[in-house]
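The values are calculated or read from the model by the stated rules, or taken from the named source; none is laboratory data. All of these numbers come straight from a predicted model, not from anything done at the bench. Positions of Cβ are generated from backbone atoms using ideal geometry, with glycine treated the same way; all protein chains shown enter the neighbour counts. Calculation scope for accessible area: heavy atoms of the full protein, side chains included, ligands and nucleic acids excluded. Shrake-Rupley method; radii C 1.70, N 1.55, O 1.52, S 1.80 Å.
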Amino acid sequence: MRFDIISANPKILESSLQSGLIQRAKQKGKIHVYTHNLRDYSEGKYKQIDDTPYGGGSGMVLKPEPFFKCIRELQNDRNYDEVIYFSPQGLTLEQNLLNKYSLKENYILICGHYKGIDQRIIDTFVTAEFSIGNYVISCGDIAALVYIDAIARLIPGVLNDSESAMSDSFQVETGFDFPHYTKPENYDGLKVPPVLLSGNHEEINKWRFKKAKQKYNLIKKFEK
């Protein structure tokens, strides 16, 4: 799977792309990630990539020319399944969507900044627009990292335990994963629930389902 990230601030991406799960997926050859600095596709002495919005208002908008040049060059080299733009107006990114998109091969990821990008970029190239939540972050690069991490862990062979991705929160019937415990059995007076020590897997599974469901229902009640 290939990700081409178009960014106004590629340094923001460096640390996360070179460590953790994303780095392991790259080392295993499961994903390939390339970053493209928007300024490399800008013209003029100062390599300007943003300008004031038509119609007035505060903030700056990323200009169309560098995006058009970069995306067209990429699309001339290969076919892309999706060109994704991350924005607050996008469809909320949830696990069912990630499961679907993990089956695709080539992505262009557009990272916004400031007040966003010129609408003509969206109208011409973007096939999907996603939001990672109803809040504001400083740039789309952070959302792109979330997307790559969430997609990569679904690719067979990326995780050491082939079943772990399928038993995660939002993949299971209860919505959330169940509570986990490990050794020691008693720490600072806090004991592991006896059912987990019983060896009765039927009862253990019932307990886990009940606890996961309780956690899910509690969060849903809090959200209301």
Handout entry: Positive-pole candidate from GLY116, CYS139, ASN76, dipole of the chain, charges at beta carbon
Key = CYS139
Completion exercise
Computed over the chain: longest principal axis from alpha-carbon atoms vs helix 140-152 long axis, angle to nearest 10 degrees, is 50 degrees
Practice task
State the percentage of accessible surface on segment 10-61 attributable to carbon and sulfur atoms; use a 1.4 Å probe and exclude ligands, DNA and RNA.
Solution key: 48 percent
Completion exercise
Candidate cut points under chymotrypsin sites (Phe, Trp or Tyr not before Pro) in segment 21-52, DSSP loop plus at most 14 other Cβ atoms within 10 Å of their own Cβ, are TYR46
Completion exercise
Here the percent of antiparallel bridges among DSSP beta bridges lying wholly in the chain, to the nearest 5, is 20 percent
Problem - Cα-derived Rg to Rh of segment 42-89, Kirkwood definition - result: 1.05
Practice task
Would you mind calculating the gained length between TYR114 and TYR46 on full extension (0.36 nm times residue separation, minus the Cα-Cα distance), in nm to one decimal?
Solution key: 22.7 nm
Handout entry: Relative counts (whole %) of C-alpha pair distances in segment 1-70, using bins that are 10 Å wide
Key = 18, 38, 27, 15, 3
Practice task
Would you mind checking the pairs LYS30/LYS183; LYS30/LYS69; LYS26/LYS211; LYS47/LYS115; LYS28/LYS183; LYS11/LYS115 and listing those with alpha carbons more than 25 angstrom apart?
Solution key: LYS30/LYS183; LYS30/LYS69; LYS26/LYS211; LYS28/LYS183
Handout entry: Burial ranking of peptide ranges 109-116, 130-137 (average Cβ count within 10 Å, highest at the top)
Key = 109-116, 130-137
Problem - FRET efficiency, 1/(1 + (r/R0)^6) with R0 22 Å, evaluated for ASN99 and LYS26 via beta carbons - result: 0.55
Practice task
Give the dimensionless ratio obtained when the Cα radius of gyration of the chain is divided by 2.2 N^0.38 Å.
Solution key: 1.26
Completion exercise
Phi-derived 3J(HN,Hα) across segment 116-127 with the Karplus relation (6.51, -1.76, 1.60, θ = phi - 60°), rounded Hz, x for Gly and Pro, is x, 10, 4, 4, 5, 5, 5, 5, 8, 10, 5, 9
Handout entry: Dipole in debye (nearest 20) - the chain, about Cα centre, beta carbon charges: Lys, Arg +1; Asp, Glu -1
Key = 460 debye
Practice task
Mind ranking 176-187, 13-24, 61-72 by how tightly packed they are, going by the mean number of other C-beta atoms within 10 angstrom, highest first?
Solution key: 61-72, 13-24, 176-187
Handout entry: Length added when fully stretched, THR127-LYS211, from 0.36 nm per residue minus Cα-Cα
Key = 26.3 nm
Completion exercise
Looks like segment 1-119, by Cα gyration tensor root eigenvalues a ≥ b ≥ c and the a/c under 1.5 rounded cutoff (else prolate when a/b is bigger than b/c, oblate otherwise), is prolate
Practice task
Work out, step by step, the length gained on full extension between SER15 and ASN134: first 0.36 nm times the residue separation, then minus their alpha carbon distance; give nm to one decimal.
Solution key: 40.3 nm
Completion exercise
Placing +1 on each Lys and Arg Cβ and -1 on each Asp and Glu Cβ in the chain, then taking the dipole about the Cα centre, the residue among SER19, PRO184, LEU159 whose Cα reaches farthest towards the positive end is PRO184
Problem - Inter-part distance where segment 100-155 and segment 82-99 are each reduced to a Cα centre, Å - result: 7 Å
